[in-house]
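Novice: Sharing a structure here in C-alpha coordinates format.
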Amino acid sequence: MLKKVYALVISLALVNILVGNFSFAGETKNPGFKISGYVDSDFSYSKTASPYVKSGFKIEICGGKYNDLTDESGYFEIILPADTDN
(Lines give C-alpha, C1' and ligand atoms only; values in the text may rest on other atoms or scores of the structure.)
Protein backbone atom coordinates (compact mmCIF):
# COMPACT_ATOMS: atom_id res chain seq x y z
CA MET A 1 0.00 0.00 0.00
CA LEU A 2 2.90 2.35 0.72
CA LYS A 3 3.99 2.16 -2.93
CA LYS A 4 0.49 3.23 -3.98
CA VAL A 5 0.63 6.20 -1.61
CA TYR A 6 4.00 7.26 -3.01
CA ALA A 7 2.66 6.89 -6.55
CA LEU A 8 -0.36 8.99 -5.59
CA VAL A 9 1.83 11.70 -4.07
CA ILE A 10 4.06 11.84 -7.13
CA SER A 11 0.99 11.98 -9.36
CA LEU A 12 -0.50 14.80 -7.28
CA ALA A 13 2.70 16.80 -7.44
CA LEU A 14 2.94 16.40 -11.21
CA VAL A 15 -0.72 17.32 -11.70
CA ASN A 16 -0.27 20.39 -9.50
CA ILE A 17 2.69 21.51 -11.56
CA LEU A 18 1.13 20.78 -14.96
CA VAL A 19 -2.32 22.19 -14.20
CA GLY A 20 -0.94 25.35 -12.69
CA ASN A 21 -1.62 24.83 -9.00
CA PHE A 22 2.09 25.42 -8.48
CA SER A 23 2.12 28.83 -6.83
CA PHE A 24 4.52 31.23 -5.20
CA ALA A 25 4.57 31.14 -1.43
CA GLY A 26 4.32 34.92 -1.16
CA GLU A 27 6.35 38.08 -1.32
CA THR A 28 9.16 37.60 1.18
CA LYS A 29 12.90 38.11 1.18
CA ASN A 30 13.33 34.56 -0.09
CA PRO A 31 10.26 33.68 -2.15
CA GLY A 32 9.70 30.04 -2.89
CA PHE A 33 7.28 27.55 -4.33
CA LYS A 34 4.36 25.82 -2.66
CA ILE A 35 3.45 22.23 -3.42
CA SER A 36 0.21 21.11 -1.83
CA GLY A 37 -2.42 18.45 -2.24
CA TYR A 38 -4.49 15.73 -0.65
CA VAL A 39 -3.66 12.10 0.04
CA ASP A 40 -6.37 9.45 0.00
CA SER A 41 -6.38 5.68 0.10
CA ASP A 42 -7.66 3.21 -2.45
CA PHE A 43 -9.68 1.16 0.06
CA SER A 44 -13.05 1.75 1.72
CA TYR A 45 -13.38 3.13 5.22
CA SER A 46 -16.09 4.70 7.34
CA LYS A 47 -16.56 8.43 7.67
CA THR A 48 -15.63 8.26 11.35
CA ALA A 49 -12.34 6.54 10.50
CA SER A 50 -11.45 9.12 7.83
CA PRO A 51 -9.34 11.42 10.06
CA TYR A 52 -7.32 8.42 11.26
CA VAL A 53 -6.80 7.00 7.78
CA LYS A 54 -5.81 10.27 6.09
CA SER A 55 -3.64 11.87 8.79
CA GLY A 56 0.01 11.26 9.50
CA PHE A 57 1.34 10.45 6.03
CA LYS A 58 4.82 11.91 5.53
CA ILE A 59 5.24 13.61 2.17
CA GLU A 60 8.88 14.18 1.19
CA ILE A 61 10.50 16.20 -1.59
CA CYS A 62 14.19 16.41 -2.50
CA GLY A 63 15.24 13.29 -0.61
CA GLY A 64 13.42 14.21 2.59
CA LYS A 65 14.97 17.64 3.00
CA TYR A 66 11.53 19.22 2.64
CA ASN A 67 8.55 17.39 4.10
CA ASP A 68 5.14 17.67 5.74
CA LEU A 69 2.64 15.42 7.46
CA THR A 70 -0.94 15.18 6.24
CA ASP A 71 -3.70 16.52 8.46
CA GLU A 72 -7.07 14.89 9.23
CA SER A 73 -8.36 15.67 5.74
CA GLY A 74 -5.21 14.33 4.04
CA TYR A 75 -3.93 17.82 3.14
CA PHE A 76 -0.23 18.61 2.95
CA GLU A 77 1.73 21.74 2.04
CA ILE A 78 5.45 22.01 1.37
CA ILE A 79 7.24 25.31 0.76
CA LEU A 80 10.42 25.08 -1.31
CA PRO A 81 12.82 28.02 -1.23
CA ALA A 82 13.46 29.75 -4.57
CA ASP A 83 17.12 28.72 -4.44
CA THR A 84 16.28 24.98 -4.28
CA ASP A 85 18.38 23.26 -6.92
CA ASN A 86 17.31 19.62 -6.36
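The values are calculated or read from the model by the stated rules, or taken from the named source; none is laboratory data. Keep in mind that this is a model prediction, so the values were computed, not measured. Reconstructed Cβ throughout: ideal geometry from the backbone, glycine too, with neighbour counts over all protein chains shown.
Novice: Please indicate, with yes or no, whether at least one residue in region 67-81 is closer than 16 Å to GLY32 by Cβ and without any contact (Cβ under 8 Å) to a residue 24 or more places away in the chain. Quick ask: steps written out before the conclusion?
Specialist: Here is the first cut: in region 67-81, the ones closer than 16 Å to GLY32 by Cβ are 67-68, 76-81.
Subset that is without any contact (Cβ under 8 Å) to a residue 24 or more places away in the chain: 67-68.
Yes - at least one qualifying residue is present in region 67-81.
Novice: Say whether the condition of being polar (S, T, N, Q) and touching a residue at least 40 places away in the same chain (Cβ under 8 Å) is met by at least one residue in region 34-56. Give the derivation first.
Specialist: First, pick out the residues of region 34-56 that are polar (S, T, N, Q): 36, 41, 44, 46, 48, 50, 55.
Filter once more, keeping what is touching a residue at least 40 places away in the same chain (Cβ under 8 Å): 36, 41.
For region 34-56, residues polar (S, T, N, Q) and touching a residue at least 40 places away in the same chain (Cβ under 8 Å): present.
Novice: Just a yes or no: is a residue in region 23-43 in a helix (DSSP H, G or I), of a type outside the set (Phe, Trp, Tyr) and modelled with pLDDT of 80 or more?
Specialist: Of region 23-43, the ones in a helix (DSSP H, G or I) are none.
Checked region 23-43: no residue is in a helix (DSSP H, G or I), of a type outside the set (Phe, Trp, Tyr) and modelled with pLDDT of 80 or more.
Novice: Which of the residues that make up region 60-74 are touching a Ser or Thr at 6+ places or on another chain (Cβ under 7 Å) and on the phi < 0 side of the Ramachandran plot? Outline the logic, then answer.
Specialist: From region 60-74, those touching a Ser or Thr at 6+ places or on another chain (Cβ under 7 Å) are 62, 70-72; that's our starting set.
Scanning region 60-74 gives THR70, ASP71, GLU72.
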